[in-house]
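Engineer: Handing you this structure, nothing more for now.
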Amino acid sequence: MSNLVYILNGPNLNLLGKREPETYGALTLADIECRCRETATMLGLRIDFRQKNGEGELVEDIHEAISTAAGGIVINAAAYTHTSIAIHDALRAFDGVIIEVHLSNVHAREEFRHRSFISPVADGVIAGLGAEGYELALRAMASRLIEHVEV
Ligand code: CA2
């Protein structure tokens, strides 16, 4: 299994650290990317970290993960989590490991955030642990993609 993991971030996550720190934390997306790079290096994973505001752009990123035969996708689809059949369908076509991540605990928030179109096609879901959720997702990836790794 390839050790390449795409980390895909959806709309408005580029605003992290600049607005709503009480909900999403004080770190910027660049800070989270930096932490992911350190964790990935330690675990022997390669990462491709991206943020897109468009639904179609996220679908195209998933197609790229399919065509490069990446081992895994960590995805925070942001608001598209709750609406996007297109992202659901694209993820269904991916053969590797899929982990859904949310910074906030979506289940403790508004009703419309309780439904996810990503969860039915994900191997695992992490919510409410802030930026640490991304690092935990990478650890789970490593234990699934790399044999004999201690995480
Ligand atoms: O908790 C998460 O990670 C979410 O995926 C974040 C999405 C939200 O729609 C999901 O329900 C849960 C929102 C991302 C927008 O992030 C912002 C950050 C700062 C300021 C405004 C938006």
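Engineer: Can you compute the FRET efficiency between R35 and A93 using 1/(1 + (r/R0)^6), with r the Cβ-Cβ distance and R0 = 25 Å? Round to the nearest 0.05.
Structural biologist: 0.30
Engineer: For the residue pair D123 and E22, what label-to-label distance in nm results when each label sits 7 Å from Cα along the Cα-to-beta-carbon direction?
Structural biologist: 3.8 nm
Engineer: Rank-order 69-80, 12-23 by packing density, defined as the average count of other C-beta atoms within 10 Å over each peptide's residues, highest first.
Structural biologist: 69-80, 12-23
Readers should treat all values here as calculations from the given coordinates under stated rules, not as data from a laboratory. What you see is a predicted model; the values in this text were computed from it and never measured. Counting neighbours? That spans all protein chains shown, and the Cβs are built from the backbone with ideal geometry, glycine included.
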